[in-house]
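A short worksheet on the structure shown next.
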């Protein structure tokens, strides 16, 4: 007998094969009343962009930047913007789109992100919001003006790294930014009359160099004195980046413990302590695969064991991506079909 199970009365149903003991039972699965959104949070330098792209290698998704400084155009090294190569073909939004002199507020972000999410969902894609500016995320999700809670179900992922390990990584990253040309980049936009309280000049790594450029600009002091000012600027950039990381973690804990947000913590500390190929292996084991498991359950209500089938890099880079699960072939085919449904939904 050809049986069909109806699980909702919404319009525009899609056919999903659910494995049963007696074979596959056709199931009319309809679009959820609320659309799905994934939010990737964490302190600066913890790998939020990496996890977001990992997830976009599984589901048809587009990424919305929620870093309050990376929304500005320019200073790509200083603001540590993701490169075109690192994007791996995944569309990114709200990245380098705002005039450097403008004042882009949390309200501006919430309004723009709301329109962007609607557009992404309209194309049948999964919106992934990623960035370290928790005030932006909070404004979008909890301000009733944008009706986020009534329109979307949200899955929060928190990429966390033990602070003593993260501080070492941040220090090394600033050194790499110096090698990559941060001093020259900031020098090009230096203005002795600049206001460091607005626009892109609020970025860590800009006001810290003011004394150095001011001495250089006025030709005051000898070379040794200016070298000392440069060293101080670099050290101050490291210090303030670490302070930012601490503040970001405190805000995430407040959102979880005080406001009651259900935030899934992914501990990336071990991956940050590895070297060479072991970094990628540890990241996959401790962050990427658990993150995929959480999102899979969030999207499709499918539970998993913790034995994961690895996904090749080639598969992750393909345009049409499917979920690969550590379970039976029947359930694997089910999840593949579900992932296709996300991409095909009207």
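Computed values, structure above
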item: The one condition in (1) within 30 Å of residue 270 (Cβ to Cβ); (2) in contact with a strand residue (DSSP E or B) (Cβ under 9 Å, 6 or more places away or on another chain); (3) modelled with pLDDT under 95 that residue 85 fails to fulfil; result: (2)
item: Selection status of residue 154, in a strand (DSSP E or B) and out of contact with any helix residue (DSSP H, G or I) (no Cβ under 6 Å at 6 or more places or on another chain); result: yes
item: Scope region 248-277; condition over 19 Å from residue 170 (Cα atoms) and at pLDDT below 95; matching residues; result: 277
item: Yes/no for residue 160 being under 19 Å from residue 255 (Cα atoms), under 13 Å from the mean Cα position of the chain (by Cα) and surrounded by 15 or more Cβ atoms within 10 Å (Cβ to Cβ); result: yes
item: One residue from 262, 188 being under 19 Å from the mean Cα position of the chain (by Cα) and exposed (fewer than 15 other Cβ atoms within 10 Å of the Cβ); result: 262
item: Residue count, region 197-234 (criterion: assigned to a loop (DSSP other than H, G, I, E, B) and either touching a strand residue (DSSP E or B) at 6+ places or on another chain (Cβ under 7 Å) or in contact (Cβ under 8 Å) with a residue 24 or more places away in the chain (or both)); result: 5
item: Yes/no for residue 178 being in a helix (DSSP H, G or I), within 29 Å of residue 279 (Cβ to Cβ) and not assigned by TED's automatic domain parsing to the domain that holds residue 78; result: yes
item: Tabulated pairs, region 145-162, first within 17 Å of residue 119 (Cα to Cα), second surrounded by fewer than 20 Cβ atoms within 10 Å (Cβ to Cβ), C-beta under 6 angstrom, 6+ apart or interchain; result: 146/114; 152/34; 152/35; 153/34; 153/36
item: Exclusive hit being surrounded by fewer than 21 Cβ atoms within 10 Å (Cβ to Cβ) and closer than 20 Å to residue 57 by Cβ, set 96, 89; result: 89
item: Some residue of region 175-183 being surrounded by 16 or more Cβ atoms within 10 Å (Cβ to Cβ), closer than 29 Å to residue 238 by Cβ and in contact with a strand residue (DSSP E or B) (Cβ under 9 Å, 6 or more places away or on another chain); result: no
item: Verdict on residue 136 being in contact (Cβ under 8 Å) with a residue 40 or more places away in the chain, surrounded by 15 or more Cβ atoms within 10 Å (Cβ to Cβ) and within 18 Å of residue 43 (Cα to Cα); result: yes
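The values are calculated or read from the model by the stated rules, or taken from the named source; none is laboratory data. Quick caveat, the model's predicted, so the values are computed rather than measured. Every residue, glycine as well, gets a Cβ built from its backbone with ideal geometry; the counts of neighbours run over all protein chains shown.
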